Amino acid sequence: AKSAGGNRFELADPEADARAITRHGLTTALPAALDRNEFFIEYQPLVHLGDGSVRGAEALVRWLHPQHGVLGPDRFIPLAEHTGLIVPLGRWVLEESIRQAREWRERYGEDTVAGPLRINVNLSPCQLSHPGLVQDTVDILERTGVAPEALCLEVTESALIGADDDLLKPLRRLAEMGVDIALDDFGTGYSNLANLRRLPVSILKLDRSFTQSMQQFPADPVDLKIVEGIVSLAHSLDLAVTVEGVETGAQAEQLRILGCDTAQGWYYARPGPPERLHDLALVDATG
Ligand code: C2E
Ligand code: CA
Ligand code: CA
Ligand code: CA
């Protein structure tokens, strides 16, 4: 698609041209944006399906762009991956969200109903293959005094498909330290299920498409069987199952009955500022 014809077509199409300029503009603005602290993190609660308590949150990065307003990660993470800026940006997200986890711990202590609140952080494939990942993570945990057990790193299934031992080594070291590794967007990457045993993961995050198929009640019996099969396989391998994209109480109930452990979605809360998690966790701890 990078032929001369493709370029001519883009120039002849004002919308495509504007998109390209924006993409180019955003890409060149990224490094300064990091220096100017234009990124911020929203936190979305992770809820235990059995008792409804908040167990932690996923950190989701946003960019407060001076001209375009708040941009979601889908607009700029791919650009940051392309230019390599994802490494310093990802390190910033890791540090900032682990600091936040310490603040939650200071606020609630170590032994709320659910123990200290945990923090989930997304890792892009470039971060995985960057040699500083393990040391950076160790340094941040030591600086903040947060236990490795309170951290979960989310890696997409597609990033690990066909991963060789060199790529898995840093994840294995982190897992040995007590950091949880979650396989994100599980079910979209067509990975060999038997392959799971080879990966240092302790959590499967079922992709939103499975949750969407639970919208009808009763849900499609084939979809039910598939989720049921994944959950029982996961549990037999000692993996916990988290579901994302839960938007209704009916979905939550269906997924709870199917044996899923933890849920995340608009039904509980949209991603929001860190103070909101304080309030949500307090409601659970007292009610
Ligand atoms: P993800 O890791 O699959 O994150 C879940 C996405 O689903 C988030 O979109 C979240 O806002 C959205 N979501 C949560 N609950 C619901 C729901 O009930 N219904 C629907 N329709 N959507 C829901 P968001 O925040 O736009 O993030 C998009 C993706 O950007 C993430 O997908 C993740 O892959 C990536 N991302 C976000 N933050 C970071 C980061 O710090 N580093 C890296 N490498 N990637 C990130
Ligand atoms: Ca994720
Ligand atoms: Ca996901
Ligand atoms: Ca997703």
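The values are calculated or read from the model by the stated rules, or taken from the named source; none is laboratory data. These figures come from a predicted structure and were not determined experimentally. In this analysis, Cβ positions are derived from the backbone assuming ideal geometry, glycine residues included, and neighbour counts consider all displayed protein chains. Quick note on the areas: whole protein, heavy atoms, side chains included, nothing else; ligands and nucleic acids left out. Shrake-Rupley method; radii C 1.70, N 1.55, O 1.52, S 1.80 Å.
Taking only segment 206-247 into account, find how many residues are polar (S, T, N, Q) and farther than 18 Å from G50 by Cβ.
So the answer is 6.
Anything in segment 242-279 that is within 16 Å of ligand 2 (Cβ to nearest atom) and aromatic (F, W, Y)? List them, or say none.
Within segment 242-279, W266, Y268 meet the criteria.
May I ask you to say which residue of V227, V201 is part of a loop (DSSP other than H, G, I, E, B) and closer than 20 Å to Q264 by Cα?
Exactly one residue qualifies, and that residue is V201.
Looking at segment 252-265, is at least one residue assigned to a strand (DSSP E or B), modelled with pLDDT of 95 or more and over 30 Å from S129 (Cβ atoms)?
Going residue by residue through segment 252-265, those that are assigned to a strand (DSSP E or B) are 262-263.
Checking which are modelled with pLDDT of 95 or more leaves us with 262-263.
Going one step further and asking which of them are over 30 Å from S129 (Cβ atoms), we end up with 263.
The answer is yes; a qualifying residue exists.
Output yes when any residue across segment 228-241 is over 21 Å from C152 (Cβ atoms), open to solvent by less than 30 Å² (accessible area, probe 1.4 Å), more than 15 Å from ligand 2 (Cβ to nearest atom) and polar (S, T, N, Q), and no when none is.
Within segment 228-241 (the criterion being over 21 Å from C152 (Cβ atoms), open to solvent by less than 30 Å² (accessible area, probe 1.4 Å), more than 15 Å from ligand 2 (Cβ to nearest atom) and polar (S, T, N, Q)), the answer is no, since none of the residues qualifies.
Does segment 114-124 contain any residue that is assigned to a helix (DSSP H, G or I) and touching a residue at least 12 places away in the same chain (Cβ under 8 Å)?
Step one: of segment 114-124, the residues assigned to a helix (DSSP H, G or I) are none.
No; the residues of segment 114-124 include none that is assigned to a helix (DSSP H, G or I) and touching a residue at least 12 places away in the same chain (Cβ under 8 Å).
As an exercise: evaluate E154 against (1) within 14 Å of ligand 2 (Cβ to nearest atom); (2) modelled with pLDDT of 95 or more; (3) out of contact with any strand residue (DSSP E or B) (no Cβ under 8 Å at 6 or more places or on another chain) and give the number of the one condition it does not meet.
So the condition that E154 fails would be (3).
Residue by residue, here is whether (1) β-branched (V, I, T); (2) touching a Ser or Thr at 6+ places or on another chain (Cβ under 8 Å); (3) at positive phi holds:
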{"residue": "G189", "(1), (2), (3)": "no, yes, no"}
{"residue": "D207", "(1), (2), (3)": "no, yes, no"}
{"residue": "T211", "(1), (2), (3)": "yes, no, no"}
{"residue": "P221", "(1), (2), (3)": "no, no, no"}
{"residue": "H235", "(1), (2), (3)": "no, no, no"}
{"residue": "E253", "(1), (2), (3)": "no, no, no"}
{"residue": "A263", "(1), (2), (3)": "no, yes, no"}
